[in-house]
Amino acid sequence: MSQGLAGYVIRRLLWTVPVIIAISILVFLLLRLAPQDPIDSLLGQRYDEEIAQRLRQKYGYDRPLHIQYLKYVQNLFQGDLGVSTKHGDFSVAEVIIPKIRVSAGMGIMAIVLVFGLGIPVGVYAALVRGSFLDPLIIGFWLLIDSIPVFVSAVVAPWLFALQLGWVDLTYEGVLHPNIILPVFVMSLPGVAGVARLMRASVIQVSNEEYVRTARAKGLRERTVVVSHVVRNALLPMITAIGLSLPGLFAGSLFVELLFGIPGIARESLQAVLGFDFDVVLGLVLFGSVLFVLANILIDIAYGFIDPRIRITAARGG
Amino acid sequence: MSNRTLGLMMGAVALLIVAVAVVFVLVLSGGDGDDGGDTPARPASDSTDRDDAADDRSTQEADDRDDGDRTTGGICGENRLVTFGDDPATVFDPIQVGDASTAEYTAEIFGGLVTLNLDLEVVPDIAERWEITDGGRVYTFFLRDDVVFHNGRRVTAEDVKYSLERAADPANFSPTVLDYLGDIVGVRDKFNGRADDISGVQVVDEYTLRIELTEPISYFLQQLTYTVAYVVDREQIEDDPNNWTRRPNGTGPFRIKTFRPLEEIVLIPNDRYHLDPPKVDEVVFSLSGGSLSTRFQNDEIHVALVPAVELAGVLSGESELSEFYRPVPQLSFFYLGFNVNEPPFDDPLVRQAFAHAINREAINEVLFFDAALVADGILPPTLPGYSEAISTYPYDPERAAELLAQSRYADDMPRIVLTFSGGGGDPPDNLQAYQQQWREALGVEVEIEAIEWSAYLRELRRGTFQMYSAGWIADYPDPENFLGKLFSGSSRLNHTGYASERVDALLDEAATLNDQEARYRLYHEAEQLIIDDAPIIPTFWTISHYLVRECVQNWVDPGTIVPKYRYIEIDTSGE
């Protein structure tokens, strides 16, 4: 059985190779065939044909397209993602990795916050359904959800920094308390979705026969809810967490722009606007790999949970 | 559901969490490993220290707020300047610097033979004095004997020669060396690989250096103040050719304490600086964080830049920020350029009519919140050599219509396209306003087209635009940088195709004259001639809008790259 799963995982992983290659060719072509010239934008008004020619040689832009691509792939296998034309001599890895760290750090905090708040809120709403508290709680979080980030990212600093004086707005790193405000602004809108999912799940599980059996056995209500209802209701949360994983590294553009956070979303925007070829390519490849891997991870997780999927997989699905 | 399923499920959740943790750890450690040194990376121990320090600071600020007294304590309580900055676009290598943000830091860390003071005058730096001989072709610099690099090594004429030759070395791809040092004999040969050294730079003795120019250039000293001419440490570069820029060993008033890309740059004084040493203990450039004006208001930063849209709010008088407001004119201007060789703008009357037809005052008031300055000339008001006597075309629709009626194209106006660099969407408001004003005053329909930035620059060089919207920022504070570069018939930056014998003669004469006042007079004459011929319509001079805490003394924005932080004092007395 476990061998079947391993084979399945290996097959899935092997499939990612052609997918990534196809993506890289596509993005490479799109970028190189665009009418924009990175050397033009690099030199600006100082453009000098002689210097431009040398820089094209330096970055290899003067060679045929397929040679450029093969060279890129060759370097890629040596762990070299290329150089950023916008950031001088910095390698792509040097440019994007610190930003991925920042966005991922915030993303992890946001996921913990979203699920940490959403799950209890959902459970509570389900337990009090029928009373006015249920729509009140869910309604409150829906209200939060309906405030666009570009509004809350402006209002929140005014309220919490200027009026209340609780936080500062200077970015001091992902581990500094000043990060709390942007993380909240980023994650609170997501709580409603998780809470509603959890609420529905709890209600569904509450109607299961084994819950009725547990109650009939005379178990305490607390035990019934914690051990039987909530545990089983958490199942759909795995998919939800899994699906939010790639988003971890994507960052939130509005939050990063308005709070001036050096994350991956802001860098992506700048790289695209500045025709920073290798950086854009590196970012897209990183994102693709992550997306593909997250999907495999979810499939594996499901395989663990649902024997039907596992068996189909083992038989070569 | 069985216990086994439950167990599996918990296992899956654990797997997901572990996977996230592993990726995160990999990313974290990968980053540190790649940074490879102590400067940009943040060692773990350092990070906790820093966070503690930052905590103390915010606690202290919170206390100050409770006292209801924000300006005397808090950020003004320490002898460190906290200001904003842009992430450097290149490494701290003076010969690679092409952008203003990197240049600002580089100018504080390094120094050259000469520098600019806050009034934009050329003053001694490494060179104590200099002699100009051979009718302005030969410069002999006498170096101070007490200049040392940050690490204590003494600077000699050989170091200067090495630095200039390194700048011209074709292997180093300096994008600026030809613009600033191209007039030195031998720089072009070295840059083109035809020579191993720069023949025009000679070491006379340990502290004397001779520089020979291809022709007398009166603004040569101004050019020498740019970063590409700064002195670098040969030993450091040869020891660590790849990473020396992370903690460069310069001769400037400051050295780098910490540089965390996109987070902050902290400079600390160079104790052995040969000129007046810095007065603050630290200069912190914050490269990230939320809205500057909000942070300024929250007492987190000494200096902030106010975007034009927030200006009305700041100046309303109700705002507590209005007392900190400081407008600073910049050494730059915007203009509309014409192709003077293509119809209809090959007729000066049409160009003049277009100039008279636009109401720049109204546009400034309505669209720019009065944040700009109507350009009554080409040279900006803070540029040395600016003259008030220059005048442009006032808004006069009747006169505009008259001029157009007298022109060759009065009855037969070809299609006119105004090109600007931009993405999709609507053209900028001011261009739409011009379009409407030309329609109303002249009955001429101008089409506006956007073109992507690099293509814009390419087409500008080829001179294919009929009419375009552009701007110019000074590289060095001299009228030549505006008039010579943009309007001389031989300049490669002259994109209008304008060529006037009279103007060229004036510019050539001014370029070689050593009497500053006489030079400026020639430039004034040339400037007025250019405006009268109208190859461009100057539209606006730019102003930067700052907020500066009153405890910060000697803060100025000279509008160009000048080492300026060593003058700053923080009044911590709370007065």
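Taking the criterion of being in a helix (DSSP H, G or I), closer than 22 Å to B:D179 by Cα and in contact with a Leu (Cβ under 8 Å, 6 or more places away or on another chain), the residues of segment A:31-49 that qualify are A:I39, A:D40, A:S41, A:L42, A:L43, A:G44, A:Q45.
Inside segment A:77-104, residues that are closer than 19 Å to A:I264 by Cβ and either in a loop (DSSP other than H, G, I, E, B) or without any contact (Cβ under 8 Å) to a residue 40 or more places away in the chain (or both) make up a count of 10.
Condition first: more than 10 Å from chain B (Cβ to nearest Cβ), out of contact with any Cys (no Cβ under 7 Å at 6 or more places or on another chain) and of a type in the set (F, W, Y). Can you find one or more residues in segment A:206-215 that meet it?
No, the conditions are met nowhere in segment A:206-215.
Only residues that are over 27 Å from B:D99 (Cβ atoms) and more than 12 Å from every other protein chain (Cβ to nearest Cβ) were counted in segment A:76-104, giving 3.
Pairs linking a residue in segment B:360-371 that is modelled with pLDDT of 90 or more and of a type in the set (K, R) to a residue that is surrounded by 13 or more Cβ atoms within 10 Å (Cβ to Cβ) and not in a loop (DSSP other than H, G, I, E, B), with Cβ atoms under 8 Å and 6 or more positions apart or on different chains, are B:R360/B:V374; B:R360/B:T539; B:R360/B:F540. When each of B:L336, B:L331 is tested for being out of contact with any Cys (no Cβ under 6 Å at 6 or more places or on another chain), surrounded by 23 or more Cβ atoms within 10 Å (Cβ to Cβ) and not in a helix (DSSP H, G or I), the lone residue that passes is B:L331. Only one of the numbered conditions (1) crowded, with 21+ Cβ neighbours inside 10 Å; (2) at pLDDT below 95 is not met by B:L267, and that is (2).
Applying the condition of being on the phi > 0 side of the Ramachandran plot and outside any loop (DSSP other than H, G, I, E, B) to segment B:86-143 and asking which residue is nearest to the other protein chains (Cβ to nearest Cβ) yields B:G136. Whether any residue in segment A:93-115 is crowded, with 17+ Cβ neighbours inside 10 Å, out of contact with any Pro (no Cβ under 8 Å at 6 or more places or on another chain) and over 30 Å from A:L243 (Cβ atoms) is what I want to check. Yes: one or more hits. For first residues located in segment A:202-226 and acidic (D, E), partners that are part of a helix (DSSP H, G or I) and modelled with pLDDT under 85 and lie 6+ apart or on another chain with Cβ distances below 9 Å form the pairs A:E208/A:H228; A:E208/A:N232. Residues satisfying the criterion are present in segment A:256-268 (criterion: among the aromatic types (F, W, Y), surrounded by 20 or more Cβ atoms within 10 Å (Cβ to Cβ) and within 12 Å of another protein chain (Cβ to nearest Cβ)).
Take the conditions (1) within 26 Å of B:D571 (Cα to Cα); (2) at pLDDT below 90; (3) in contact with a helix residue (DSSP H, G or I) (Cβ under 6 Å, 6 or more places away or on another chain); B:V283 misses just one of them, which is (2). Got at least one residue in segment A:80-88 being among the basic types (K, R) and within 30 Å of B:E263 (Cα to Cα)? The answer is yes; a qualifying residue exists. Which residues, counting only those in segment A:199-231, are loosely packed, with under 14 Cβ neighbours inside 10 Å and of a type in the set (A, V, I, L, M, F, W, C)? If the condition is that a residue be loosely packed, with under 14 Cβ neighbours inside 10 Å and of a type in the set (A, V, I, L, M, F, W, C), then A:A216, A:V226 are the ones that fit.
Matching residues to (1) among the basic types (K, R); (2) out of contact with any Pro (no Cβ under 6 Å at 6 or more places or on another chain); (3) at the interface with chain B (Cβ under 8 Å from one of its Cβ atoms); (4) more than 14 Å from A:I138 (Cβ to Cβ):
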| site | (1), (2), (3), (4) |
| --- | --- |
| A:W158 | no, yes, yes, yes |
| A:A161 | no, yes, yes, yes |
| A:W166 | no, yes, no, yes |
| A:L169 | no, no, yes, yes |
| A:V174 | no, yes, no, yes |
| A:V185 | no, yes, no, yes |
| A:V191 | no, yes, no, no |
| A:A195 | no, yes, no, no |
| A:A200 | no, yes, no, no |
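Every condition in (1) within 26 Å of B:D86 (Cβ to Cβ); (2) in contact (Cβ under 8 Å) with a residue 24 or more places away in the chain is met by B:N242 except one, and the failing one is (2). Beta carbons closer than 8 Å, at least 6 apart along the sequence or on distinct chains, pair a first residue in segment B:480-494 that is over 17 Å from B:V340 (Cβ atoms) with a second that is of a type in the set (F, W, Y) and in a helix (DSSP H, G or I) for B:E480/B:Y523.
The values are calculated or read from the model by the stated rules, or taken from the named source; none is laboratory data. Here the structure is a predicted model, which is why all the values come from computation and not from measurement. Cβ coordinates were reconstructed from backbone atoms using ideal geometry, including for glycine residues, and neighbour counts include every protein chain displayed.
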